[in-house]
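One structure below.
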Amino acid sequence: MIRCIALIAVAASAAASVPLTAQTTSETATQQTANPIGQTPAAGNGNTIRWSKVVPAIASGAWAGKTLPDGQPDVNGFFSNTISNHSNFTDPQAGPPGEPSAAAKLPRHQRAPSRVSDPADGQIPYLLGARALQEDFARNFPNPDKPRYIEPLARCAPAGVPKSFMWHGFELRQYPGYVLFLFDSGTRVIHLDDSPHLSPTIKLWNGDSRGHWEGNTLVVDVTNNNGKPLFGRFGDFMSENATVKERYIFNHDGSGFNYVATFTDPTVYSRPWTATIPVRRYTEADAPDGWHYDVKVANRPDQSPLHEKVERVCVENNGPFGGGAVGVPSDGAVIAR
């Protein structure tokens, strides 16, 4: 457990929080604009955050959609999780410590379920010492007086597994032998060949991923985690000893997937546990909204619309809030294509 204490201290030493105004806005909008996975929200002004209370059922099975030349199911596109951001892992729509959302005033059953789908109580089965570390972080997050109480993502550290899927939208690209995720906080490569994992002495923020397809499901083994990322603002965590078995279960029409991951870490948890994060696809039929679908409309007069992901690696802390490099507009075309 000494190792766990050291890990959580290092993990939380990375600093400063996402602006509270943006957090409050996204949580408050939950009750107004929820859209279940696979549905296209009505076009809006680009400022609407779309949250749902529903985790859809998607069964593993044969793939019935388009395939790529190398045999992979064609699931390229832009995606975002559907129930909430990363503030609270086990009560997604309740807000961060010290700043409960408007949705938190509703009865628990009227909010999105815990991302912990097993065990049934929706709680991570921590060992006593690890639970104490998590609770200590949550108590001190609203008013941190030590570096270890500041969340790593706030200083643009990679969000890691599984938080990357809960922080803004992201892009999934496929190449022969690889699946590539482009997140706001970095990239993650999943190798689809039979190459071995990296040496156990090498530890990475996003871990080392080796995967294969089983019908509509991408199955991934994640090892070599460095134990530094936190799962959210309540300090949920795993150590460098953790392994993760991920299953990305895609709808056959490509409209979304369920991310189902089982975490095993005998130094932190009393038993393996499973998280489920629902995710939906965004296309040119959706209005850019700055969160789920944070893309820009390419300047292509008289051509069909083209939405492009802005190259922004954790731009929130690389310039004034709401923009990136000085002089570059946060809205409107930068160059003509």
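The values are calculated or read from the model by the stated rules, or taken from the named source; none is laboratory data. Since the structure is predicted, the reported quantities are computational estimates derived from the model, not experimental observations. Virtual Cβ from ideal backbone geometry, glycine too; neighbours counted across all protein chains shown. These area figures cover heavy atoms from the full protein model, side chains too; ligands, DNA and RNA do not enter into them. Shrake-Rupley method; radii C 1.70, N 1.55, O 1.52, S 1.80 Å.
Residue 296: which lysines have alpha carbons under 18 Å from its alpha carbon, excluding same-chain residues fewer than 8 sequence positions away?
Answer for residue 296, where 18 Å is the Cα cut-off: 309, listed by chain and number.
Given N residues in the stretch 44-130, what is Rg(Cα) / (2.2 N^0.38 Å)?
Working it through for the stretch 44-130, the quotient is 1.45.
Under the 0.36 nm per residue contour assumption, what length would be gained going from the current alpha-carbon distance of residue 297 and residue 74 to full extension?
Residue separation times 0.36 nm, minus the Cα-Cα distance, leaves 77.9 nm.
I want the local charge near residue 243. Using Cβ-Cβ distances under 11 Å, sum +1 for each Lys or Arg and -1 for each Asp or Glu among the other residues.
-4
Give or take rounding to whole Å, what are the principal axis extents of the alpha carbon atoms in the stretch 190-318, in descending order?
58, 40, 28
Over the stretch 138-292, what is the relative contact order in percent, taking alpha-carbon pairs closer than 8 angstrom and at least six residues apart?
Computed value for the stretch 138-292: 16 percent relative contact order.
What does the accessible area per residue of the stretch 75-183 come to in Å², with a 1.4 Å probe and no ligands, DNA or RNA counted?
Dividing the accessible area of the stretch 75-183 by its residue count gives 37 Å².
Just the number, please: carbon plus sulfur as a percent of the accessible area of the stretch 168-267, 1.4 Å probe, no ligands or DNA/RNA counted.
Accessible surface attributable to carbon and sulfur in the stretch 168-267 totals 59 percent.
Taking the simple approach of a point 7 Å from Cα along Cα-to-Cβ for both residue 178 and residue 108, what is their distance in nm?
Distance between label points: 4.4 nm.
Relative contact order (percent) for the stretch 66-185, with alpha-carbon contacts under 8 angstrom and 6 or more residues of separation?
Once normalised by length, the contact order is 29 percent.
Could you state the accessible area per residue of the stretch 193-255 in Å², with a 1.4 Å probe and every protein chain left in place?
With all protein chains present, the stretch 193-255 gives 37 Å² per residue.
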